[in-house]
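What follows is a set of notes on a single structure, which appears directly below.
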Amino acid sequence: MSEGAQAELPASSTPEPVAPTPGRGKTLRRLGCSALAGALVLGLAWQHALTRHRLLLALTSLERRWTSAGPSPTQPRQASAHWAHAAWTGAQPPNSGPSARAACASFRGVEVDVAFSKDLVPYVSHDNDFARLSGAAKDRLSLHSAAEVDAIRGPEGEPALRLAALVKLAECEVLVLDVKTDHRRVGAKARALLEALGPRRAGAWVVSMSGPFLQALGAEAPELRLGCEGYLPLGNSLAGFHVSSLERDQITSTRDDSARSRGLLRLYWTAKDLTQLEELRAWSPDALLFDAPRIPPEELPPGTRLEDGS
């Protein structure tokens, strides 16, 4: 074949091999390693109670954005029980002895916070220390024995309030205990709480962020009504009640409908003014908590106070 004929032949259609893009494989490997590291970090973080709690709150916030935040129009309206939050009547600090005495003598339902001393004696306290009572932040409850805690005095000379002492003077029909605890020594804490309650178990509702503590408590006293704040799966598994916080944006139509369908009682909190009171009432929960000093008595339904009758 002549050189001219060879020149007229079409060029070969076989594509030349493409050289790999520099850095492409390295980028994919980095992405894969980052994803694996992220999954590992989330997995390890999930084992930490506080981190898991924060992650669940973040998921709850996202859920609120994706679902209706207002009551469903299909929800039946009902009257809600109104219970005093933190045993607060306004004359004394929340969860203090004098305030708890006044609240228990005045309201049909009272909520208090409970924390444990170093030797696992339950006290009425929202915080891990007694700064609100004594003004000294160093009075950390979990680092003191019960004898040392009993020596702490407030501005008026009042001592710290043991749960056992509150139970003896609690004339209210329902006593809601918000137990502040971690996952350590849950069996011993459950037994200590039950000992403090004594025969008062029938009217006690117990809520906690610690699932292991609630499970230990349920194993010791199946008759107790238990609930977990904001998270339906745990609350449902304990067959008790569902708690959602207005302040933490935990109340959604999806959660409310799910709690209703599972037959869970719904306890929503906290109304700090009339606007929030009406917002909580719109959900028609079985019970809601309110700060008594900030809500005029005439805004409360009959039966809220003991003298109102049933």
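Structure notes:
- Residue, surrounded by the most Cβ atoms within 10 Å (Cβ to Cβ), within the range 274-310, restricted to residues that are among the charged types (D, E, K, R) and outside any helix (DSSP H, G or I): D291
- Residues satisfying the stated conditions in the range 189-205, i.e. in contact with a strand residue (DSSP E or B) (Cβ under 9 Å, 6 or more places away or on another chain), assigned to a helix (DSSP H, G or I) and among the small types (G, A, S): A192, A196, G203
- Filtered residue count, the range 206-226, keeping only those that are of a type in the set (S, T, N, Q) and part of a helix (DSSP H, G or I): 1
- Qualifying residue in the range 235-249 (condition: modelled with pLDDT under 90 and among the β-branched types (V, I, T)): yes
- Residue in the range 169-186 that is among the basic types (K, R), more than 30 Å from A81 (Cβ to Cβ), open to solvent by 60 Å² or more (accessible area, probe 1.4 Å) and at pLDDT below 80 present: no
- Residues located in the range 147-156, provided they are more than 11 Å from G97 (Cα to Cα), open to solvent by less than 90 Å² (accessible area, probe 1.4 Å) and either outside any helix (DSSP H, G or I) or at pLDDT below 85 (or both): A151, I152
- Test for S99: is it surrounded by 15 or more Cβ atoms within 10 Å (Cβ to Cβ) and modelled with pLDDT of 90 or more: no
- Verdict on A271 being open to solvent by 10 Å² or more (accessible area, probe 1.4 Å) and among the aliphatic types (A, V, I, L, M): no
- Test: A79 is loosely packed, with under 13 Cβ neighbours inside 10 Å, farther than 19 Å from L280 by Cβ and at pLDDT 75 or above: no
- Residue in the range 248-256 that is under 29 Å from L161 (Cα atoms) and either out of contact with any His (no Cβ under 9 Å at 6 or more places or on another chain) or open to solvent by 10 Å² or more (accessible area, probe 1.4 Å) (or both) present: yes
- Qualifying residue in the range 104-115 (condition: farther than 23 Å from D286 by Cα, modelled with pLDDT of 85 or more and either out of contact with any Pro (no Cβ under 6 Å at 6 or more places or on another chain) or assigned to a loop (DSSP other than H, G, I, E, B) (or both)): yes
The values are calculated or read from the model by the stated rules, or taken from the named source; none is laboratory data. Here the structure is a predicted model, which is why all the values come from computation and not from measurement. So basically every Cβ, Gly included, is an ideal-geometry build from the backbone, and we count neighbours across all protein chains shown. For the accessible areas, the whole protein counts, side chains as well, though only heavy atoms, and no ligand, DNA or RNA atoms are used. Shrake-Rupley method; radii C 1.70, N 1.55, O 1.52, S 1.80 Å.
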